[in-house]
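Colleague: Pasting in a structure now, in structure tokens, and then I'll have a few things to ask.
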Protein chains: 2
Amino acid sequence: MPIDVPGDVPIGEAARVSGVKVPTIRYYEEIGLLPEPPRSDGNRRLYGPAHLARLAFIRHSRQLGFEIEAIRTLLDLQDNPGQPCSPADSIARRRLDEVEARIASLIALKAELERMIDGCAHGSVAECRVIDVLSDHGKCAHADH
Amino acid sequence: MPIDVPGDVPIGEAARVSGVKVPTIRYYEEIGLLPEPPRSDGNRRLYGPAHLARLAFIRHSRQLGFEIEAIRTLLDLQDNPGQPCSPADSIARRRLDEVEARIASLIALKAELERMIDGCAHGSVAECRVIDVLSDHGKCAHADH
DNA sequence: CCTACGTTCTCTAGCGACTAGAGGAGCAAG
DNA sequence: CTTGCTCCTCTAGTCGCTAGAGAACGTAGG
């Protein structure tokens with residue numbers, strides 16, 4: 001008995017299994033991230049396992065915040081597995097740096113927002129700490145912003 | 001002796017003191033966030049202290065990550081100081097929630113990226129942990145992504 | 001066979017928040 | 001009076017999608 005390998009599926013099904021929306025799949029094809037799949041007699045796209053795997057790769061990469069161009073490079077690497085993986089490595093490392101920087105700045109932001117909100121007496125706008133702090137950056141505990 | 005209150009300054013100077021780029025200032029005017037300033041004889045924009053204060057408010061709000069529409073509301077509130085400040089409060093609170101959610105998801109992301117990078121043996125793509133994890137979400141320590 | 005409905009097709013335009021560049025005019029210093 | 005900077009308006013581009021129009025296909029029921 002043959003295992004239930006997914007045969008060729010139409011775009012809606014590809015969207016369902018990959019979690020990528022239909023127009024987004026078409027968009028990925030348009031920008032050359034996903035190769036053009038074969039078409040049915042009625043001109044519908046039919047995705048096989050290889051396409052679905054690639055789509056999953058793209059989706060996962062996007063979830064990790066990699067940019068399209070970075071993903072393009074990563075996919076190229078995946079297609080040529082003999083090459084050294086240092087480019088992949090450095091792309092991931094760069095992304096990690098970004099994420100760390102972003103976390104740090106968001107934590108500072110969070111502190112600033114909390115200070116604003118906690119200081120607010122919930123009266124009129126005239127005494128509102130939120131508006132007050134926004135108008136005068138000097139009232140910030142100078143987060144890096 | 002008069003204090004050195006900034007007189008009317010051209011857009012370049014406004015950009016310098018506010019830290020908002022020239023085209024961005026014009027953009028804020030275009031979308032009605034910053035009122036149209038008076039013009040010089042030669043049709044140049046001239047910003048007075050009120051404009052500069054508003055610009056600083058906008059810039060600070062953007063740095064804290066508020067959306068343009070939220071800033072529009074905040075500016076309206078600032079213009080009508082008699083109103084209750086609860087709308088400002090809730091805008092800030094919503095932003096805080098977003099920031100907290102974002103921090104949490106970025107921390108999970110960071111862990112995932114670190115795992116990928118640490119696991120990479122720096123050999124060829126064929127054994128690259130980075131590419132490997134990207135192709136198979138199952139290899140993630142299932143962060144919420 | 002006809003109809004109804006869901007899916008897919010292509011195409012264009014829009015989102016947010018800018019950013020870049022063209023082509024021209026004003027303005028201050030040498 | 002020329003040089004070089006700033007400023008003007010305008011259009012178009014960025015990123016990663018998202019929305020919608022209008023038409024064709026495909027399938028299930030009657």
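Since every read-out is calculated from the coordinates, none of them should be taken as a lab result. Since we're looking at a predicted model, the values are computed, not measured. Using ideal geometry, Cβ is built from the backbone for each residue, glycine included, and neighbour counts are taken over all protein chains shown.
Colleague: If you fit an axis through the alpha-carbon atoms of helix A:49-63 and take the longest principal axis of the Cα set of chain A, what angle between them do you get, 0 to 90°, nearest 10?
Modeller: Roughly 10 degrees, rounded to the nearest 10.
Colleague: Turning to a different aspect of this structure: For chain B, count the residues as N, evaluate 2.2 N^0.38 Å, and divide the Cα radius of gyration by that value, please. Don't skip to the end; give the middle numbers.
Modeller: On the way: Rg = 23.6 Å, N = 145, 2.2 N^0.38 = 14.6 Å.
Its radius of gyration relative to the 2.2 N^0.38 Å reference: 1.62.
Colleague: Between A:E98 and A:E127, what is 0.36 nm times their sequence separation minus the Cα-Cα distance? Round to one decimal in nm. Numbers along the way, then the final one.
Modeller: Numbers: separation 29, 0.36 × 29 = 10.44 nm, distance 3.76 nm.
Full extension from A:E98 to A:E127 adds 6.7 nm.
Colleague: With the alpha-carbon atoms as the only input, what is the per residue convex hull volume for region B:86-145 in Å³? The partial results should precede the final answer.
Modeller: Details: hull volume 4.8 nm³, N = 60.
Each residue corresponds to 80 Å³ of Cα convex hull volume.
Colleague: Which residue is it, in chain A, that holds its beta carbon closest to the axis of the A-onto-B rotation, and how many whole angstrom away?
Modeller: Checking which Cβ lies nearest the axis yields A:I103, 3.
Colleague: Now for a different question. Where the convex hull is taken over the Cα atoms of the protein assembly as shown, what is its projected area averaged over directions, in nm²?
Modeller: Result: a mean projected hull area of 23.7 nm².
Colleague: Cα to Cα, under 14 Å, and not fewer than 8 places away if on the same chain: which aspartates and glutamates meet these conditions relative to A:K110?
Modeller: Counting by Cα, and skipping residues close in sequence, A:K110 has these aspartates and glutamates nearby: A:D118, A:D144, B:D97, B:E98, B:E100.
Colleague: What gaps in nm, shortest first, separate A:E69 from its twins in the other copies when you place the label 7 Å past Cα toward the beta carbon?
Modeller: Going from nearest to farthest copy, the values are 3.1 nm.
Colleague: Give me the one-decimal nm value for the distance between modelled label points at B:D79 and A:E36, 7 Å along each residue's Cα-to-Cβ direction.
Modeller: Simple spin-label model gives 5.3 nm for this pair.
Colleague: Which cysteines does chain B leave without a neighbouring Cys Cβ under 4.7 Å?
Modeller: Result for chain B is B:C120, B:C140, no neighbouring Cys Cβ within the cutoff.
Colleague: Also, quick follow-up: Which distance in nm do the two modelled labels at A:S86 and A:R44 give, with both placed 7 Å along the Cα-to-Cβ direction?
Modeller: Rounded to a tenth, the inter-label distance reads 4.8 nm.
Colleague: Okay, next question. First measure r as the distance between the Cβ atoms of B:A111 and B:R16, then evaluate 1/(1 + (r/R0)^6) with R0 = 41 Å and state the FRET efficiency to the nearest 0.05. Present the calculation step by step, with values, prior to reporting the outcome.
Modeller: Working: r = 41 Å, r/R0 = 1.01.
E(calc), rounded to 0.05, equals 0.50.
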